[in-house]
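Written below as C-alpha cells is the structure these notes are about.
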Amino acid sequence: MAATMVDIVRTFPDTTWADDGPTRGVEAVVESGHVLSFPHLPFVLGDAERRFLDPRWADPAAKNISVRWPSGELRGAVAHGTDLSDLRAMVVRYAEQSEAFALRLFPHYRGHLVRGNTSFRPLDVAGRETSWRKDDTRLHVDAFPSNPMQGTRLLRVFCNVHPGDEPRRWRVGEPFDAHARRYLASIARPWPGSAWLLEKTGITKRHRTEYDHLMLQLHDRAKADAAFQRDSPQTRVDFAPGTTWVVYSDQVLHGALGGQHMLEQTYYLDVEHLQQPETSPLRTLERLLQRPLR
Ligand code: SIN
Ligand code: FE
C-alpha cells in the first residue's frame with residue numbers, strides 16, 4: 001500500500017446551507033487542492049422523496065440522472081407523470097441549495113460561477129462500468145474527451161444521501177503539480193490538425209486545446225498505470241451519509257471505491273476568476289512547460 005499519506009481533507013462544522021452558516025471566504029483552501037468536508041450538512045429528503053433512493057429510476061443507458069442547465073431539463077431517468085416532476089424537483093432543490101452554499105463559501109466567485117449539470121446517482125459504485133478508462137475507482141483528475149474545458153475549472157459539490165449508514169468511499173492522491181511532473185515529459189504534443197478534425201466531426205463540443213490534450217493524457221496515463229494506482233501517495237476518505245464535500249475535481253486526484261445514492265453539482269469557473277489563478281491546472285502546466293496552452 002501507499003508509502004506516503006495525503007492530508008488534504010479539511011473539515012468544517014456547518015449545519016446549514018443558507019447564508020447564516022459559519023464558513024465563508026475559503027477560496028484559498030479549495031484552490032490549493034483541499035477537499036472541504038462538511039460532515040453535518042445533509043441534504044434532507046422529504047418522506048415521499050425517499051422513494052427515489054432506488055436504482056430503478058436510472059435509465060440503464062445513461063450514466064446518471066441529471067438536470068441540464070440553463071434548460072432545467074431532466075435526463076437519464078425512467079419516470080413519468082408526478083414521479084418525473086417530483087424527481088426533477090428534488091434535483092433542482094439540490095442545485096439551488098448547493099449554489100447558495102457555494103456562493104457563501106466563495107464570495108469571490110459571485111457573478112462568475114457557471115452552473116453545470118446537477119446529477120443524482122442512485123447506482124451502487126460497485127456495479128459500475130469498468131473499461132479502464134471509465135473506471136472511476138482508479139485515481140484520476142477529471143477530464144472529458146467530448147467536453148474540452150480549455151482551462152476552465154471544474155468545481156463540484158457532492159452530498160451522500162444514502163438512507164442507511166453506507167459511506168461514499170473515496171481515495172485521494174498527490175498534489176496536482178507532482179502529478180503533472182510524473183507524466184508530462186512523456187506526453188507527446190497532439191497531431192497537427194487533430195483538434196480541428198475532432199471538432200469538425202463532432203467528437204468534441206468545441207476546440208480541444210493543448211491544455212485539454214494534456215489533461216486527458218494525465219487522466220488516461222494515471223488510470224492505465226497500475227504501479228501508480230498501487231504505490232503513489234494516497235489516502236482513503238469515507239464520506240458518511242449526511243456529509244457534503246466540495247472539491248476542484250480537475251485538480252485533486254480522486255477515485256470512488258464504493259457507496260450509493262449521491263447528489264452532485266458541477267460548476268464552471270474561468271481561471272481568471274479564481275482568487276489565486278496560479279494554483280490552477282492550466283497555470284501549473286504552463287509553468288512546467290514554460291509556454292501558453294490556451
Ligand atoms: C468521480 O468523479 O470520479 C466519481 C465520484 C463519485 O462517484 O463519488
Ligand atoms: Fe472523477
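The values are calculated or read from the model by the stated rules, or taken from the named source; none is laboratory data. What you are looking at is a predicted structure, and each value in this text was computed from that prediction instead of being measured. Backbone-built Cβ (ideal geometry, glycine too); neighbour counts: all protein chains shown.
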> Quick check, is Thr204 in contact (Cβ under 8 Å) with a residue 40 or more places away in the chain, away from ligand 2 (no atom under 15 Å from the Cβ), farther than 25 Å from Met90 by Cα and among the polar types (S, T, N, Q)?
Replying inline: yes
> Are any of the residues in the range 138-149 away from ligand 2 (no atom under 16 Å from the Cβ) and touching a residue at least 12 places away in the same chain (Cβ under 8 Å)?
Replying inline: yes
> Residues Gly21, Gly33: which one is closer than 30 Å to Pro277 by Cα, assigned to a loop (DSSP other than H, G, I, E, B), under 18 Å from the mean Cα position of the chain (by Cα) and not aromatic (Phe, Trp, Tyr)?
Replying inline: Gly33
> Does the range 259-280 hold any residues that are in contact with a strand residue (DSSP E or B) (Cβ under 8 Å, 6 or more places away or on another chain), on the phi < 0 side of the Ramachandran plot and not polar (S, T, N, Q), and which are they?
Replying inline: Met262, Leu263, Glu264, Tyr267, Tyr268, Leu269, Asp270, Val271, Leu274
> Right, Ser66: under 17 Å from the mean Cα position of the chain (by Cα), at pLDDT 95 or above and hydroxyl-bearing (Ser, Thr, Tyr) or not?
Replying inline: yes
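Matching residues to (1) within 16 Å of ligand 2 (Cβ to nearest atom); (2) touching a Ser or Thr at 6+ places or on another chain (Cβ under 9 Å); (3) more than 28 Å from Pro107 (Cβ to Cβ):
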| site | (1), (2), (3) |
| --- | --- |
| Tyr211 | no, no, no |
| Ala227 | no, no, yes |
| Ala256 | yes, yes, yes |
| Gln260 | no, no, yes |
| Thr266 | yes, yes, no |
> For the range 253-291, which residues satisfy the criterion of being more than 15 Å from Ala102 (Cα to Cα) and among the charged types (D, E, K, R)?
Replying inline: Asp270, Glu272, Glu278, Arg283, Glu286, Arg287, Arg291
>> Residues to consider are Asp231, Asp238, Asp220; find the one that is over 29 Å from His112 (Cβ atoms) and within 16 Å of ligand 2 (Cβ to nearest atom).
In response: Asp220
> Only one residue in Gln251, Gln275 is within 23 Å of Trp17 (Cβ to Cβ) and not small (Gly, Ala, Ser), so which one is that?
Replying inline: Gln275
>> Against the condition at pLDDT 95 or above and under 30 Å from Arg56 (Cα atoms), how does His261 come out, does it pass?
In response: yes
